[in-house]
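A quick write-up on the structure given underneath.
The values are calculated or read from the model by the stated rules, or taken from the named source; none is laboratory data. Every value quoted in this text rests on a predicted model; they were computed, and no experiment measured them. Quick reminder, even Gly has a Cβ in these numbers, built from the backbone with ideal geometry, and neighbours come from all protein chains shown. Accessible surface is based on the protein model in full, side chains and every heavy atom, while ligands, DNA and RNA are left aside. Shrake-Rupley method; radii C 1.70, N 1.55, O 1.52, S 1.80 Å.
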Amino acid sequence: MPNAYISGTGFYVPPRVVTNDDLVKTYGIDTTHEWIVQRTGIEERRFAEEGVGCADLALPAAEMAIEQAGIKKTDLDMIILATLSSDHCFPGSGVYLQRKLGLCEGSNAKFVPCMDVRNQCSGFLYSLGTATSMVKSGAMKNVLVVGSEVHSAALDLTTRGRTVASLFGDGAGAVVVSATEEDRGVRTWKLGADGRHADILAQKIWDISKRPFIPNDANGVGQVQPEMMWAQMQGKTVFKHAIERMAMVLMEACMAEGITGENIDLFVFHQANLRINQYLQQMLGIPDSKVVHNIQRYGNTTAATIPILLAEATRSGKLKKGMKVAMVAFGSGFTWGAAIVDW
Ligand code: ACO
């Protein structure tokens with residue numbers, strides 16, 4: 001059975017920087033830089049321009065990862081795209097990415113399977129687990145895994161929506177998971193979910209049990225109320241469960257490997273809130289030198305946070321071959337996951 005290792009990483013964030021002060025000045029939101037930094041650690045985020053979608057952001061991230069992996073696009077056997085902000089309701093954004101990669105035309109045509117994973121902030125780790133299983137089974141040699149989010153289009157950028165709107169940013173991160181005979185790669189992954197909390201953080205833009213699924217006005221034009229249109233979140237409940245579940249799933253993964261936190265060289269936590277991660281660090285006694293963050297610069301990019309961190313850390317030299325890496329995420333659903341990787 002081959003091992004499955006991360007052969008390449010890549011990321012892309014749109015160029016437009018939106019600072020906390022811009023939320024006040026440009027959008028008229030009643031907030032302050034101090035409030036947002038104190039509660040979340042976020043100083044700025046990136047917003048994509050109108051006309052740029054989920055697969056558009058995914059493309060440069062994917063190309064960077066493919067190049068670093070040292071393979072051709074046509075060497076890919078599968079594409080997994082994790083997002084909560086897919087270009088359309090259906091089809092998923094994975095097929096749009098395949099098309100943008102040029103895999104549907106001419107001599108490059110390779111009609112590999114494309115799958116979207118809709119697990120919000122845990123989406124990348126659910127996808128990594130899936131890709132690892134595909135590779136370890138021998139069915140695939142190279143699987144592209146991308147987390148890509150365009151949040152800015154679906155944020156209520158008014159004072160009414162400030163709690164959620166101050167948290168999220170746009171961006172994409174990608175990895176290639178490849179087969180190897182070397183003694184390295186994804187050692188273990190653990191995933192979990194608790195559907196009792198499905199409504200605590202949700203964007204219910206429609207209700208498919210209703211007829212029609214979006215209410216219509218007299219002219220047959222869909223009418224979506226603000227509380228359906230924008231994500232609704234009970235922030236304190238998310239915060240509490242995030243800490244508990246992230247600590248628990250990390251310990252589960254370490255136990256499966258017969259290791260403790262001491263054996264981990266680098267912790268790559270999902271970037272929902274700097275305070276959540278600092279709380280976790282304190283609870284588990286993890287020194288700052290073993291943690292990477294980017295929420296200060298990008299906000300919460302949901303499925304993209306972990307692959308963006310991996311791409312940045314490999315390029316800054318913080319993440320090197322031979323290191324033992326722990327990745328942990330928690331998000332809407334609630335869903336969570338952890339992976340231990342020998343880089
Ligand atoms: N600026 C100023 N005031 C604000 C802002 C803002 N941006 N946002 C909220 N407030 C106000 C609220 O209106 C409220 O005012 P009130 O007391 O007059 O009603 C007050 O601040 C406190 O609001 P809370 O929501 O109770 O603030 P809290 O201390 O819980 O912090 C926060 C909110 C930062 C969102 C926090 O709960 C949090 O980070 N939770 C975790 C959220 C998270 O991780 N979400 C992502 C999950 S990942 C995924 O799957 C998408």
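Things to note:
- Scanning segment 175-194 for residues that are open to solvent by 60 Å² or more (accessible area, probe 1.4 Å) and out of contact with any strand residue (DSSP E or B) (no Cβ under 6 Å at 6 or more places or on another chain) returns Glu181, Glu182, Asp183.
- Criterion: within 16 Å of the ligand (Cβ to nearest atom) and open to solvent by 50 Å² or more (accessible area, probe 1.4 Å) - qualifying residue of Glu67, Glu44, Glu49, Glu63: Glu44
- Some residue of segment 2-23 being farther than 27 Å from Phe124 by Cα, outside the structural domain of Ile295 (by TED's automatic domain parsing) and in a loop (DSSP other than H, G, I, E, B): no
- Pick from segment 86-123, criterion among the polar types (S, T, N, Q) and under 11 Å from the mean Cα position of the chain (by Cα), ranking: nearest to the ligand (Cβ to nearest atom): Gln120
- Qualifying position, being aliphatic (A, V, I, L, M), open to solvent by less than 10 Å² (accessible area, probe 1.4 Å) and either assigned by TED's automatic domain parsing to the domain that holds Glu50 or closer than 25 Å to Thr40 by Cβ (or both), among Ala154, Ala139, Ala131: Ala131
- Flag if Lys110 is surrounded by fewer than 18 Cβ atoms within 10 Å (Cβ to Cβ) and modelled with pLDDT under 95: yes
- Scanning segment 295-329 for residues that are closer than 21 Å to Ala131 by Cα, open to solvent by 10 Å² or more (accessible area, probe 1.4 Å) and either within 16 Å of the ligand (Cβ to nearest atom) or assigned to a strand (DSSP E or B) (or both) yields one hit, Lys324.
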